[in-house]
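Written out below as structure tokens is the structure these notes cover.
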Amino acid sequence: MWALKRPGAGDGPRLRSLRLQALRTDGSAFLETLDEAAALNATAWEARVTRYTRRGHQVLVVAEEPGNLTWVGMAGAFLDSERDSDEFDLPDPPVGPGDRWAMVWGTYVVSQFRGQGVADGLCAALYTWACEEAGVDWLGLHVRDSNVAAIALYRRHGFGVVARNHHPELGVTSLVMVRAVNSARRISPKAMRSSRQPLPDEHFLH
């Protein structure tokens, strides 16, 4: 069993534990390295919790085992104005000038809880945030093009592929996927891109 919650003050150690587990077991799927994350002190992890939970700007949702309060999954999102790099822009089309958007990041579920609906619950929670709190027109994400399981998950939640980005420094290629949040927005067939899916994979690139 698991339940979704939003972290708060004092949750830095649990965020650190889950993030380091993700980087340790599936490090090739993330942009941050294990060494970088492990070097952060307790104050830095609490600062991350504070930043990731700024209402109306960012959101972090975790899946927790109610009995022992262990975190078994997480996913976050941030508004376009909160991005650290233009690498995280969404393409036009379908995202037009003046459209507001949010980017999904850090999706991860520990291996023994995969296949139990945790990732679906996290995706649904982020979409609810995008609709009810962020008020954006689009929700986007980047995912490795070899990550068949993740691509299928996001397609179930209404995301479509609109671009492909190459990351020479990492030796990987990611797909840019978006879904409309504002009902007046739609992904036109012209904006869609086909996704090449050569190998199944359980990783998420964030």
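If the chain linking ALA3 and ASP35 were pulled fully straight, counting 0.36 nm for each residue of separation and taking away their Cα-Cα distance, it would gain 8.5 nm. What is the sum of charges around ARG14, taking Lys and Arg as +1, Asp and Glu as -1, for the other residues whose C-beta is under 14 Å from the C-beta of ARG14? Surrounding charge for ARG14 is +1.
Let me check I've understood the local charge: for VAL61, count other residues with C-beta under 9 angstrom from its C-beta, Lys and Arg +1, Asp and Glu -1. What total comes out?
On the way: positive: LYS5, ARG6; negative: none.
Combined, the nearby Lys, Arg, Asp and Glu give +2.
When both the range 50-115 and the range 149-164 are represented by their alpha-carbon centers, they are found 15 Å apart.
Can you give the FRET efficiency for CYS131 and LEU20, using 1/(1 + (r/R0)^6), R0 = 25 Å, r = Cβ-Cβ distance, to the nearest 0.05? So the FRET efficiency works out to roughly 0.20. A cut-off under 14 angstrom between Cβ atoms defines the neighbours of ALA125, and their net charge, with Lys, Arg +1 and Asp, Glu -1, is -2. Ranking ALA124, LEU20, ALA63 by Cα position along the charge dipole of the chain, where only Lys, Arg, Asp and Glu carry charges on their C-beta atoms, puts ALA124 farthest toward the positive end. With a cap of 10 neighbouring Cβ atoms within 10 Å, and only residues DSSP puts in a loop, list the trypsin sites (Lys or Arg not before Pro) found in the range 19-125. In loop regions of the range 19-125 (DSSP not H, G, I, E or B), the sparsely surrounded trypsin sites (Lys or Arg not before Pro) are ARG55.
Looking at the range 1-143, I'd like the Rg to Rh ratio, where Rg is from alpha-carbon atoms and Rh is Kirkwood's inverse mean 1/r.
Values: Rg = 15.1 Å, Rh = 15.8 Å.
On the Cα set of the range 1-143, Rg over Rh gives 0.96.
What 222 nm value per residue comes from the helices of the chain, counting each DSSP H run with n ≥ 4 as -39,500 (n - 2.57) and dividing by all residues, nearest 500 deg cm²/dmol? Before the final figure, lay out each step's value.
Numbers: 5 runs with 52 residues, N = 206.
The helix-only estimate for the chain comes to -7500 deg cm²/dmol at 222 nm.
For the chain, the relative contact order works out to 20 percent when only alpha carbon pairs closer than 8 Å and six or more residues apart are counted.
Normalising the average separation of contacting C-alpha pairs (under 8 angstrom, six or more residues apart) by the number of residues puts the relative contact order of the range 15-128 at 23 percent.
We did not get these values from a lab; they are worked out from the coordinates using the rules stated. What you are looking at is a predicted structure, and each value in this text was computed from that prediction instead of being measured. Neighbour counts run over all protein chains shown; Cβ positions are idealised from the backbone, glycine included.
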